[in-house]
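Student: There's a structure below that I have some questions on.
Please treat every number below as a calculation from the coordinates, not as lab data. Please read all numbers here as calculations on a predicted model, not as lab measurements. We place every Cβ from the backbone using ideal geometry, glycine too, and count neighbours over all the protein chains shown.
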Amino acid sequence: MSKRSHSTGKPFNPETLALGYGYEPRLSEGAVKPPVFLTSTFQFASAEDGKRFFELAYGLREPDDGEQQGLIYSRLNNPNMQIFEERMAAWDQCELGATFASGMAAISTTMLALLRPGDVVISTEPIYGGTYYLFRHILSEYGIDVRLVAAGDDAPARMREAAEQAGAARVRVLYLETPANPNLVHTDIAAIAQLGADLRAAHGGAVTTVVDNTLLGPLFQLPATMGADIVIYSATKFIGGHSDLIAGVASGPRELMVKVLSMRTILGTGATPFNGWLLLRSLETLSVRMRRQQKNARALAQLLAEHPMVESVSYPGLLAPNEPQHALWQKQCTGSGSMIAFHIKGGQAAAYRVLDSFEVARLAVSLGGTETLVEHPMTMTHADVPPAELEARGVGPGLIRMSVGLEHLSDLKRDLVHALRAAEG
């Protein structure tokens with residue numbers, strides 16, 4: 001199946017490509033779905049083929065027109081991963097994708113491919129706790145300078161200021177999560193991408209804009225169409241969608257992704273063939289799942305906004321038209337998603353009582369699965385971030401993060417109301 005219809009020339013939609021693109025049944029005994037290629041190594045048709053495959057794998061020559069990397073060894077490539085990567089890149093409207101063993105493997109491998117000692121990374125915050133730890137505690141050991149600025153409406157100006165302070169010629173990566181995890185604040189992707197272009201024009205350095213699109217995409221946000229260079233996901237979340245796999249994915253232009261893939265080959269951070277197969281299964285229902293989860297989340301967010309024990313609710317669909325965040329959300333997103341962050345009156349003690357009282361929602365970290373999950377960011381997913389730093393970004397002791405699932409809405413509503421009663425003590 002090609003990206004475009006042979007009869008009309010029109011491009012197929014991502015939901016259609018997720019069911020057929022990149023796979024030819026005749027190559028697998030006519031199987032409608034790709035089989036699981038549980039093999040470590042692949043046989044070459046000839047010694048010359050083996051030579052050519054390795055030349056491409058190690059960048060010893062440029063590919064001929066239309067030539068793709070041949071199958072060698074599942075640390076480098078595998079049909080299950082390759083098909084998924086082609087479908088994800090098509091959905092992201094990028095040239096090339098790469099699958100990883102986890103979301104953190106995707107982020108770490110990409111950073112190591114792009115950065116060298118003396119380089120500067122400027123990132124929005126808050127960010128996922130694992131990413132924060134990588135930036136604050138690991139990259140610094142390799143002589144990489146990481147500067148953090150508050151996510152939100154002022155982030156582009158703050159990033160520009162941070163670049164000047166750090167030495168604009170040293171900036172190599174502009175990194176952002178939008179919406180931010182866990183406070184769901186949006187940052188202008190196009191404005192950050194423009195800053196990257198300005199820095200490249202002024203100083204000639206290779207500045208890459210990297211967007212963690214885990215919380216909304218690829219269904220409700222397409223960063224590459226707004227100028228982002230590399231789009232990263234924890235595929236464990238909505239893309240995997242069933243809380244039964246760990247994986248990551250990155251998409252971007254071929255020139256950059258070849259560097260990322262080369263680093264993945266040497267570090268061995270690729271996904272397993274079976275997880276590649278599971279991701280293919282999950283991608284087929286991504287649109288249906290995320291739209292149903294969004295429908296449930298909208299109703300729960302409204303319930304929370306009207307409840308007397310809830311101090312505040314962060315959910316894009318509740319943004320008032322006069323708020324700057326509303327205009328930004330409408331500009332770069334096509335939906336609200338299914339993540340909700342809400343502050344309980346009474347701080348951590350009250351939040352814990354609520355968390356311990358759910359019957360349907362599961363008290364567990366992660367997000368994007370078919371089941372509803374709730375957690376306490378300050379003491380769980382973001383526990384490695386100093387509390388004062390979290391509170392400065394609106395992540396306080398009373399904050400609960402909810403990932404809304406596919407359960408029946410009436411059951412979710414009753415469960416939430418029941419749990420909220422515990423906040424009263």
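Student: Net charge within 11 Å of residue 23 by Cβ-Cβ distance, Lys/Arg positive one each and Asp/Glu negative one each, not counting residue 23 itself? Each step should come with its number before you reach the end.
Tutor: Numbers: positive: 26, 33, 87; negative: 24, 86.
That works out to +1.
Student: For Cα pairs less than 8 Å apart in space and 6+ apart in sequence, what is the mean separation divided by the residue count of the range 286-424, i.e. the relative contact order in percent?
Tutor: The normalised contact order for the range 286-424 reaches 30 percent.
Student: Here's a follow-up. Set the Förster distance to 60 Å, then compute FRET efficiency between residue 44 and residue 331 from the Cβ-Cβ distance, nearest 0.05.
Tutor: That pair, residue 44 with residue 331, gives E of 0.75.
Student: Would you work out the charge dipole size for the chain about its Cα centre, treating the Cβ of every Lys and Arg as +1 and the Cβ of every Asp and Glu as -1, and quote it to the nearest 20 debye?
Tutor: It works out to roughly 480 debye.
Student: Any chance you could get the radius of gyration and Dmax over the Cα atoms of the range 179-233, in Å?
Tutor: Cα-based Rg and Dmax for the range 179-233 come out at 11.9, 35 Å.
Student: While we're here: Treat each spin label as a single point 7 Å out from the Cα along the C-beta direction, and report the residue 305 to residue 32 distance in nm.
Tutor: 4.3
Student: Looking at the chain as a GNM with Cα springs under 10 Å, which of 351, 202, 361 has the largest mean-square fluctuation?
Tutor: It is 202.
Student: If eta is 1.002 mPa s and T is 20 °C, what Stokes-Einstein diffusion coefficient results for the chain, Kirkwood Rh from Cα pairs, in µm²/s? Intermediate results must be reported in sequence, preceding the final value.
Tutor: Working: Rh = 22.4 Å.
Answer from the Stokes-Einstein relation: 96 µm²/s.
Student: Using 7 Å Cα-to-Cβ label points, what is the residue 424/residue 409 separation (nm, one decimal)?
Tutor: With each label placed 7 Å out from Cα toward Cβ, I get 2.6 nm.
Student: Restricting to DSSP loop positions (anything but H, G, I, E, B) with no more than 11 other Cβ atoms inside 10 Å of their own Cβ, which trypsin sites (Lys or Arg not before Pro) remain in the range 69-157?
Tutor: none
Student: Test of understanding: extend the Cα→C-beta vector of residue 93 to 7 Å, then name every residue of the range 298-338 with backbone N under 13 Å from that spot.
Tutor: 332-334
Student: Tally Lys/Arg at +1 and Asp/Glu at -1 over every other residue whose Cβ is under 10 Å from the Cβ of residue 131; what's the total? Could you put the intermediate results ahead of the total?
Tutor: Values: positive: 136; negative: 125, 177, 212.
Residues near residue 131 contribute -2 overall.
Student: Go from 0 up to the bin containing the longest alpha carbon distance in the range 33-130, width 10 Å each, and give me the % of pairs per bin.
Tutor: 12, 34, 35, 15, 4, 0
Student: So for the range 77-178, considering every pair of alpha-carbon atoms, how many percent are separated by more than 20 Å?
Tutor: 46
Student: State the extension gain, in nm to one decimal, for the chain segment bounded by residue 3 and residue 154, taking 0.36 nm per residue of separation less the distance between their alpha-carbons.
Tutor: 50.5 nm
Student: For the charge dipole of the range 74-283, defined by +1 on Lys and Arg C-beta atoms and -1 on Asp and Glu C-beta atoms about the Cα centroid, which residue among 225, 206, 150 has the Cα displaced farthest towards the positive pole?
Tutor: In the range 74-283, that residue is 206.
Student: Suppose R0 equals 22 Å. What FRET efficiency, 1/(1 + (r/R0)^6) with r the Cβ-Cβ distance, do residue 322 and residue 392 give to the nearest 0.05?
Tutor: Efficiency computed from Cβ-Cβ geometry: 0.35.
Student: So if the hydrodynamic radius of the range 123-262 is defined as the Kirkwood radius over C-alpha pairs, what does Stokes-Einstein give as its diffusion coefficient at 20 °C and 1.002 mPa s, in µm² per second?
Tutor: Taking Rh from Cα pairs, D becomes 139 µm²/s.
Student: Using a Gaussian network model of the chain whose springs link C-alpha atoms within less than 10 Å, name the residue from 111, 380, 402 with the highest mean-square fluctuation.
Tutor: Residue with maximal mean-square fluctuation among 111, 380, 402: 380.
Student: Taking just the C-alpha trace of the range 286-424, give me its Rg and Dmax in Å.
Tutor: For the range 286-424, the Cα radius of gyration and maximum Cα-Cα distance read 14.5, 39 Å.
Student: Highest first, please rank the peptides 181-187, 262-268 by the mean number of other Cβ atoms sitting within 10 Å of their residues.
Tutor: The packing order, highest mean first, is 181-187, 262-268.
Student: Further question on the same structure: Between rounded, prolate and oblate, where does the range 187-329 land on the alpha carbon gyration tensor, with a ≥ b ≥ c its root eigenvalues, rounded for a/c under 1.5, else prolate if a/b exceeds b/c?
Tutor: Oblate, since a/c reaches 1.5 and b/c is not below a/b.
Student: Here is a follow-up. Using the crude model of +1 on Lys and Arg Cβ and -1 on Asp and Glu Cβ, and no other charge, please compute the dipole size for the range 74-283 relative to its Cα centre, in debye to 20. Write down the numbers at each step before the final one.
Tutor: Details: 15 positive and 19 negative charges, 104 e Å.
The dipole of the range 74-283 has a size of about 500 debye.
Student: May I pose another question? How far, in nm, would the chain grow between residue 198 and residue 312 when pulled straight, counting 0.36 nm per residue and subtracting the alpha carbon separation?
Tutor: Contour length minus the Cα-Cα distance gives 37.3 nm.
Student: Placing +1 on the Cβ of each Lys and Arg and -1 on the Cβ of each Asp and Glu in the chain, which of 30, 340, 166 has its Cα farthest towards the positive end of the resulting dipole?
Tutor: It is 30, whose Cα lies furthest towards the positive end.
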